[in-house]
1. Among bridges DSSP assigns within the chain, what percent are antiparallel (round to 5)?
2. Mean shadow of the chain, computed from the convex hull of its alpha carbons, in nm²?
3. Tell me the relative contact order for the range 1-66 as a rounded percent, counting alpha carbon contacts under 8 Å between residues six or more apart.
4. Highest mean first, what order results for 190-203, 45-58, 105-118 on Cβ atoms within 10 Å?
5. To the nearest 20 debye, what is the magnitude of the charge dipole of the chain about its Cα centre, counting +1 on the Cβ of each Lys and Arg and -1 on the Cβ of each Asp and Glu?
6. Which residue, ALA181, ALA37, ALA82, tops the fluctuation ranking in a GNM of the chain built on C-alpha contacts under 10 Å?
7. Taking Cα atoms, how many degrees apart are the long axis of helix 56-65 and the longest axis of the chain, rounded to 10 and kept between 0 and 90?
8. Relative contact order of the chain, please, whole-number percent, based on alpha carbon pairs below 8 angstrom and at least 6 residues apart.
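Any read-out appearing in this document is the output of simple, stated calculations on the displayed coordinates, not a laboratory observation. What you are looking at is a predicted structure, and each value in this text was computed from that prediction instead of being measured. With ideal geometry, Cβ positions are generated from the backbone for all residues, glycine too; neighbour counts draw on all protein chains shown.
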Amino acid sequence: MLERAMDERMLQARGVLLDLDGTLMAGGQALPGAAAALRRLGARCAIVSNDAEHTPAELAAKLRAAGLAMEESRILLAGALAVDSLSRERPGCRVLMLTSPSLIGHARAQGLRPASGEADAVILGRDRTFTYEKLQAAARAVRGGALLVVCNPDLTHPGPGGAVVPETGALLAALLACTGAVPYRVVGKPEPALFLAGMARLGSTAASTVMFGDNPATDGVGARRLGITFIEALPHKLAEAA
Ligand SMILES: [Mg+2]
């Protein structure tokens, strides 16, 4: 039973933060027991993912297609949160977006002004159309004082058949090679922003929240820094739960 794998602490917690990749889904498929776990946890759970490409609405649709029910408001994604927090802090600012087209649309919907030249901020996400010109524009903006917001620090993630899929952190390495050491903000795990947004959504505190995820270096380290209990989603546990 997945409930046994999830452990009693999850069933007792006021808020349960769930990682997505490798925890609820892998390769576009729901992992065994994930649907039952979401049903059982209901409104006490939220997804916190370093996804730096999709909007919550897009991800809710992907989840639905995989047979997982999760309302959009309980899906917290690093890319969308980067946009949301920037639009709160600097409403209407000009932002150079090295991200997906859907996150650029999300930024416009939040009142930000996506720019290609002069910018007050740069949002760096998983930009699959990253180019030399974009790198040059971002380096120029950051060296000129634009705030750099990085959706997640991940270098790669595993693709089908063990292929390497470059992530936002790999693009950050290229940018920092051009700018030298500059201050920047990271939204995704293990930094606190996603955890805090998840708890705010669920109305839970660190003491009443648990984080369930497969990556001790991001899910685990980030949770423990905030005093949130971390439960590791081990693959064999999920398999047993099926
Ligand atoms: Mg994961």
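1. Given both bridge residues lie in the chain, the antiparallel proportion sits at roughly 15 percent.
2. The Cα convex hull of the chain, projected and averaged over all directions, gives 12.4 nm².
3. Once normalised by length, the contact order is 38 percent.
4. Top to bottom by mean Cβ count within 10 Å: 45-58, 190-203, 105-118.
5. Dipole of the chain, to the nearest 20 debye: 480 debye.
6. In the Gaussian network model the winner is ALA181.
7. 40
8. 24
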